[in-house]
Structures are given as structure tokens and as C-alpha cells.
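Only one structure is covered here, and it is reproduced in the block below.
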Amino acid sequence: VEAYEAAMVLSGVGDALGYRGGRWEYCRSGEQIHAELQDMGGLEAIVLEPPEWPVSDDTILQLATAEGLATGLEGEELLQELARRYVDAMGDMEGRKPGPTSILGTSQLRPGVPGGYRIPFNPTGTGCGAAMRSLSIGLRYPRPQDLPTLLAVSIESGRMTHHHPTGYLGAVAVALFAALGVRGEPPERWGAELLRVLPLAWDYVESTGEAVEENRAEWGFFGEVWGRYLTSRSLLSGSSPPLLPPLRDARSRDAEYARWALGAWPGRSGHDAPLVALDALLAAGGAWAELCARAVLHGGDSDSTGAIAGGLWGLRWGMGAVPEGLRHSLEYGDRLRAAGAWSTVIG
């Protein structure tokens, strides 16, 4: 239970810290963010609470997923429930800056109507909005035998807003990484496992008959980038220690993350939000401040990479090393703790 609660709470911490009311999410300079943090007295001096430190749309939609899964519903009933909760969640977006693709996608959902959880293919639906909310899918379906369900739920829930492989495969990646984390698999193996399951994900997409040709035409990019990334880190086999560049300062991290990004905005897309998070996890180990420096305080989509990395880090390391001020007044902290506890019971 403690690991699940830590995963959910620290996903919210990573989100609120990386967001800073929009100030840091939209700051394109990691150096500037680190300078501002130093002027504030560092992580130990921060108390994450509104109005300066609200959670963003990432946590609102993360809770929608987790609380939907906590109902214990399965199959079509679960997908309808998730669609309903995503629509309802858009009523709690004042000051949280939801992405345009999430806004469009939820406006097209018709929960309660047969098949109403599906929306048309979106050629521009490549963003990280599906990835950022999918941690709890891995918590709910962590066992190897759960993989078909994990793939189905992450794909279907992901393309409720981001019906493009680059978008919804980000949800598959985060859900899979969480499941592997629950099983105690080290992060060094996660990327290779992701490449292994991508053909299974395609089999599911093809089996649904939904926009198959459109999806097929855009399918290759996600796996190609991940293949290049894993090769660069000596992780393609999943059996070697990572070969990580030092990236000791904010400028070098911004430049490195931009290599993998679409539109030079690191972490904004479904393929590279989990990529930045994984790279930070590999480099940080059990050092919370180092994780924040790399995954949360950079010149990209810092709340989304922070939400993903914070959740995955919490699953492995817990909350003990995280400053109290980052946790005790976190907006919706009680709901995040409850969602983690429910994930344990249902899963």
C-alpha cells in the first residue's frame, strides 16, 4: 500500500513542482528554473500548496483514471466510466492549462452511448496528455498475465483524447513501466520490454478495426525513436548497465532532451515524456533531488515529465526522502493517497 500511495502522491508532487502555476511549465530554460529555485532556498524551502503551487491538468486527469479504475469495473463498462470521468474532469481546469488535444478529445467523447468512448483519428494528437495520466493502469494490472488488459485499457483510455500512436503509446509506456516497477524489475529493463510489447499493442489496435490504416501510417515513429534512445544508452538488450551521458548541468540536459523531442519542446509528446522520465530515473537512482533536477526542473514540459518520473520513483523508493513541505499541503493529496490505496485493494 505504501508504495502505491507514494507513487500517486509523488506524481502529484512532480506535477505541481514542474508546473508552478504555469510559470515553470512554459519556461524554456532549465538554467532559469534552477536559478529561481536557488533564490527560493531550494527544494527544502518550498511548500507545495495553492495558489502558487496548484496541481495542473496532469493530476486532475491522473485522478480521473485512478478513481475510474478503483470502481472495479472491467471491459466496456470501465471504458465508459473512464470517458465519463475525463469529461467531468474538464470542469476542474481553471488555472490548470489543459492541452488543446485533451480539450478537443473530451469534447468528442459521448459516454453512455455504445462506443462513445472512441473519437476519430487525430493526425496532430501526438502530445503527452495520455502518458501523463496512465500510471495507475500499471498499478491496477501489474502481473505478467495482465498484459493484454493493460494494453487494451492504456490504448483505449489514451486514444479517448490522443488518437494517434505517438500519443496513446505514451500511455502504454507509462502503464507498462509502472507494472514493471510493481514487480521489482529495474528501470534498466523497462525500455527493452516496451519494444517487445509494441507488436502486441499493434495487434490490439488492428483487432479493434478503428482507423487501422491511419494508425498504421503513423505507427513506426514511436518505436524508432525509442530504439535509437535505448541504443544510445546501451539498453537495447535490457541486460546491460546503462551508458548515460553526464548531463551535470541544466543547459546540457535541455540540449540532450531536445534531441528526442518533436518541435524542440522536450517531454511534450507521447514518445518523449516517458523517455525523459526514464532517463532521469536511470541517472538519479534513489536521489530525489537529482530526479527533480533532471525530470522536473528542465526547459520542457516539466509538469508532465515530473508527474511520470515522480510516480515511478515513488513506487520504487517511497516518500521518506522527499521534503515534508512538498507533500503535506499538496492539492488533492488526500485523493491521491486514497487512489493509491484503492489501486492496491482492486489490483
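Derivation of every value follows stated rules applied to the coordinates shown; laboratory data play no part. All values reported here derive from a predicted model rather than from experimental measurement. We place every Cβ from the backbone using ideal geometry, glycine too, and count neighbours over all the protein chains shown.
Limited to the stretch 118-141, what total is found for residues that are closer than 16 Å to Val87 by Cβ and either under 19 Å from the mean Cα position of the chain (by Cα) or buried (at least 24 other Cβ atoms within 10 Å of the Cβ) (or both)? Can you show your working first?
Initially, the stretch 118-141 is screened for residues closer than 16 Å to Val87 by Cβ, giving 118-119, 129-130, 133.
This time we only want the ones that are either under 19 Å from the mean Cα position of the chain (by Cα) or buried (at least 24 other Cβ atoms within 10 Å of the Cβ) (or both), so: 129-130, 133.
Looking only at that region, the number is 3.
Which of the residues that make up the stretch 78-94 are out of contact with any helix residue (DSSP H, G or I) (no Cβ under 7 Å at 6 or more places or on another chain) and not hydrophobic (A, V, I, L, M, F, W, C)?
Once the filter is applied, which keeps residues that are out of contact with any helix residue (DSSP H, G or I) (no Cβ under 7 Å at 6 or more places or on another chain) and not hydrophobic (A, V, I, L, M, F, W, C), the stretch 78-94 yields Gln80, Arg84, Asp88, Gly91, Glu94.
Of the residues Ala217, Ala175, which single one is out of contact with any helix residue (DSSP H, G or I) (no Cβ under 7 Å at 6 or more places or on another chain) and within 22 Å of His162 (Cα to Cα)? First the steps, then the outcome.
Values: Ala175 fails: out of contact with any helix residue (DSSP H, G or I) (no Cβ under 7 Å at 6 or more places or on another chain).
Unique residue meeting the criteria: Ala217.
Would you confirm whether or not the stretch 313-326 contains a residue that is surrounded by 15 or more Cβ atoms within 10 Å (Cβ to Cβ) and acidic (Asp, Glu)?
No.
Can you tell me which residue in the stretch 156-207 is farthest from Val87 (Cα to Cα), limited to those that are part of a helix (DSSP H, G or I), hydroxyl-bearing (Ser, Thr, Tyr) and touching a residue at least 40 places away in the same chain (Cβ under 8 Å)?
Tyr204
Is it true that some residue in the stretch 245-257 is among the hydrophobic types (A, V, I, L, M, F, W, C), closer than 22 Å to Val225 by Cα, surrounded by fewer than 24 Cβ atoms within 10 Å (Cβ to Cβ) and over 16 Å from the mean Cα position of the chain (by Cα)?
Within the stretch 245-257 (the criterion being among the hydrophobic types (A, V, I, L, M, F, W, C), closer than 22 Å to Val225 by Cα, surrounded by fewer than 24 Cβ atoms within 10 Å (Cβ to Cβ) and over 16 Å from the mean Cα position of the chain (by Cα)), the answer is yes, since at least one residue qualifies.
Give me the helices (runs of 4 or more DSSP H) completely within the stretch 228-328, filtered to those with at least 2 residues that are free of Cβ contacts under 8 Å to residues at least 40 places away in the same chain and farther than 24 Å from Ala3 by Cα, ordered by residue number.
250-259
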